[in-house]
1. For L207, indicate whether it is crowded, with 17+ Cβ neighbours inside 10 Å, among the aliphatic types (A, V, I, L, M) and in contact with a Lys or Arg (Cβ under 8 Å, 6 or more places away or on another chain).
2. Considering each of A189, A210 in turn, give the residue that is within 21 Å of Y245 (Cα to Cα), assigned to a strand (DSSP E or B) and either touching a Phe, Trp or Tyr at 6+ places or on another chain (Cβ under 6 Å) or among the aromatic types (F, W, Y) (or both).
3. Are any of the residues in region 233-243 assigned by TED's automatic domain parsing to the domain that holds D341 and at pLDDT below 95?
4. The conditions are (1) surrounded by 21 or more Cβ atoms within 10 Å (Cβ to Cβ); (2) within 15 Å of Q303 (Cβ to Cβ); (3) without any contact (Cβ under 8 Å) to a residue 40 or more places away in the chain, and S223 fails exactly one of them. Which is it?
5. Can you list the strands (runs of 3 or more DSSP E) found entirely within region 249-359 that contain at least 2 residues being closer than 25 Å to L140 by Cα and not acidic (D, E)?
6. Right, V314: of a type in the set (V, I, T) and surrounded by fewer than 17 Cβ atoms within 10 Å (Cβ to Cβ) or not?
7. Restrict the check to region 329-336 and report whether at least one residue is over 31 Å from the mean Cα position of the chain (by Cα) and surrounded by fewer than 22 Cβ atoms within 10 Å (Cβ to Cβ).
8. Kindly list, by first and then second residue, each pair from a residue in region 306-321 that is more than 17 Å from P128 (Cα to Cα) to a residue that is part of a loop (DSSP other than H, G, I, E, B) and polar (S, T, N, Q), limited to pairs with Cβ atoms under 8 Å and residues at least 6 apart or on different chains.
Amino acid sequence: MKLPDDFDQHSGMTPTVVMTIVIVTLFVAAILAAVLLMNRGGDNGQRRADMGKETSAFIDDTPQEAPTKGELHPDDLDFWDLYPPEETQEPVETETPKEVVENDPSTDGRHTRVVKPDGTEEWVLISPYLPKHDYDFTRLVCQSDRMKYFENGKQTSYEGIDLSEVQDYVDFAAVKKSGIDFVMLRVGARGYSTGQMILDEYFADNLKRATDAGLEVGVYFFSQAITEQEAVEEANMVIESLGEYEISYPVAYDMERVANDSSRTDVLSKTERTDIALAFLKQIEDAGYQTLLYGNKEWLIRQIDLSKLTAYDVWLSQEEDIPDYPYRFTMWQYDRGGIVDGVSGYVDLNISFVDYSEK
């Protein structure tokens, strides 16, 4: 039998059969490759879908019109909105520093505040030439409404009251028992309108009974003198009224404003008031008594010339927890509404930083 011309004698297949097998093999390989590619594409699509779910919370899914070609804006490419904004800390408000006022008399340490009779205030320059007090008021203690001053744990002050006929009868034994050390008694006064001198109704009796009760005694006179001669007359009245009684505390000169009324001393100048006070104090001093100059802060600083009165101790009247009078003083009237056993009604309370009975 004769074989076809394309028969391969070695394989037993003709060339046509071989070609057919090659073509079929390539076709099968192409199909397999296509299947593999489709599977990978499905996995990628699933991953993209998962990513879409994760970012859906940050992407605005509101349908928007797709930009046409050539209409894209740089903002359309901003991908930072896909991430949540960082939390920012609220700014802390800081207090604007107060403006420092230069040369403020209330803080410069060179001025002291004075309240005038009409209620207005004035910052007065503290004189560098007048002697200053050296009290440390951290040592000042208020016990049972009484002021006491301590040094090295020991009380170095003395408690006192001042009285006039206004208090009527006083039980000085009860006063002494309550802890009072001294009493300042009013001798008398000059009328602020008539100018007539009047002896205090209870003075003589108070002087005797206070002394008998063991209290240290001092006295004062309410002056309305408008001349130096009248001041000397007032001093002589005090000396005569004391008679043979020996007092251990000073004689005080008291010229003060009359509340809610005019007085004969309102017309005096600062120089005249100073000269009148000097005349009284010198007359008392010449008679052998210790002296005090009484007044509130405004009267002492504005109404008289303290530079001419530095030889005399000061009895300060100031109803404050701590006095702010800058100059030297030895006695302080701190309360005009005190309560003391043996005295009916209110009474002025005082503290003395000096034991005049030992001077």
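1. no
2. Values: A210 fails: assigned to a strand (DSSP E or B).
Going through A189, A210 in turn, the sole match is A189.
3. yes
4. It is condition (3) that S223 fails.
5. Ranges flagged: 291-296, 313-317, 331-338, 347-352.
6. Taking the combined requirement at face value, the residue does not satisfy it.
7. no
8. Within 8 Å, the pairs are D313/Q290; D313/T330; V314/T330; W315/T330.
The values are calculated or read from the model by the stated rules, or taken from the named source; none is laboratory data. Just so it is clear, the model here is predicted, and its values are computed rather than measured. Every residue, glycine among them, receives a Cβ derived from its backbone with ideal geometry; neighbour counts consider all protein chains shown.
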